[in-house]
1. Given the options Glu38, Glu179, Glu197, which has the most mean-square fluctuation in a GNM of the chain, springs set between C-alpha atoms less than 10 angstrom apart?
2. When you take every Cα atom in region 1-110, what is the radius of gyration, and what is Dmax, the widest Cα pair distance, in Å?
3. Using a Gaussian network model of the chain with C-alpha springs under 10 Å, which one of Thr71, Thr205, Thr106 is most mobile by mean-square fluctuation?
4. Need the full-extension length gain, Asn226 to Lys7, defined as separation in residues times 0.36 nm minus the C-alpha distance. One decimal, nm.
5. What's the FRET efficiency of Arg119 with Arg15 using the Cβ-Cβ distance as r and R₀ = 25 Å, to the nearest 0.05?
6. Using each residue's phi in region 177-189, evaluate 6.51 cos²θ - 1.76 cosθ + 1.60 at θ = phi - 60° and report the 3J(HN,Hα) Karplus result to the nearest Hz, with x for Gly and Pro.
7. Per residue of region 86-97, in order, report the coupling 6.51 cos²θ - 1.76 cosθ + 1.60 (Karplus, θ = phi - 60°) as ³J(HN,Hα) in whole Hz, putting x for Gly and Pro.
8. Under 18 Å from a point placed 7 Å out from the Cα of Asn25 along the Cα-to-Cβ direction: which residues of region 42-77 have their backbone N that close?
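Computed from the coordinates by the stated procedures, all read-outs in this text should not be read as laboratory data. Every value quoted in this text rests on a predicted model; they were computed, and no experiment measured them. Reconstructed Cβ throughout: ideal geometry from the backbone, glycine too, with neighbour counts over all protein chains shown.
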Amino acid sequence: KVDSLNKEIADIRSRYAQIEPSKINSFTDFPLSKRTLEGLRIAKFASPTDIQRESIGLALKGNDVLGAAKTGSGKTLAFLIPVLECLFREKWSHMDGLGALIISPTRELAYQTFEVLKRVGNRHDFSAGLVIGGKHLREETARLNRTNIVICTPGRLLQHMDETFNFTADSLQILVLDEADRILDMGFAQSMNAIIENLPSERQTLLFSATQTKSIKDLARLSLNNPVYVSVHENA
Ligand code: ADP
Ligand code: MG
């Protein structure tokens, strides 16, 4: 079992270099784990949208990505697929704790992302959870530390960082800033700076936004390392 997993991971990695967005018609054209492909099939996602086609390969290869595409263009899967594949490649397990952190502007959006993750990630055995408040802080911190994929809101995450001594994100592999323009519109620029300073610098970061403003570029400069810019317009 371990051998076949190692073989699958090696096979997937060996195909990354050949990813060409223009040749991708179906999700099965990407080198993805059987588990992710099965999750996509069950959730009835067959072919990628433009932003997914352009950005997933770059993220799989380990690049930091700044992705801009309008609302409704499919940005959620553009980061959830790389998140699942990142932890799969690392053979992440329940014992490894927090591996992926997804920051979402509102509880409602965090919840929606969680619902998509539950469907598409169904065949993986990572633990996943929401950290959006509404529970005792200390209870939530315990969950934050041991959950593999956490979807959170910036205010609540910062509260954990500020008020609980035992929160650590030391093993974090991948950070996602989703709907980053909305995060900034809601006045979380300072919180984001503080959060990013508290995270390990050896990580991959994916930033998605519907718009590309000056403040998004400032946030990108702070959070991304040598990012690849992917911008998809309606008629591109
Ligand atoms: P965004 O974050 O860019 O606003 P979402 O990720 O919320 O967009 O996706 C918008 C809608 O498109 C959702 O209903 C989602 O289920 C659907 N969708 C996303 N990707 C695909 C796909 N590859 N095939 C079919 N529908 C998709
Ligand atoms: Mg979205």
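1. Glu197
2. Rg, Dmax (Cα atoms, Å): 14.3, 42.
3. The residue that fluctuates most here is Thr71.
4. Details: separation 219, 0.36 × 219 = 78.84 nm, distance 3.03 nm.
Residue separation times 0.36 nm, minus the Cα-Cα distance, leaves 75.8 nm.
5. Working: r = 25 Å, r/R0 = 0.99.
Here the calculated transfer efficiency is 0.50.
6. Once θ is set to phi - 60°, the couplings for region 177-189 become 10, 9, 6, 4, 5, 6, 4, 6, 4, 7, x, 9, 4 Hz.
7. Per residue, the Karplus-derived 3J(HN,Hα) values read 4, 6, 4, 4, 7, 6, 4, 9, 3, 6, 7, x Hz.
8. Correct set: 45-50, 53-54.
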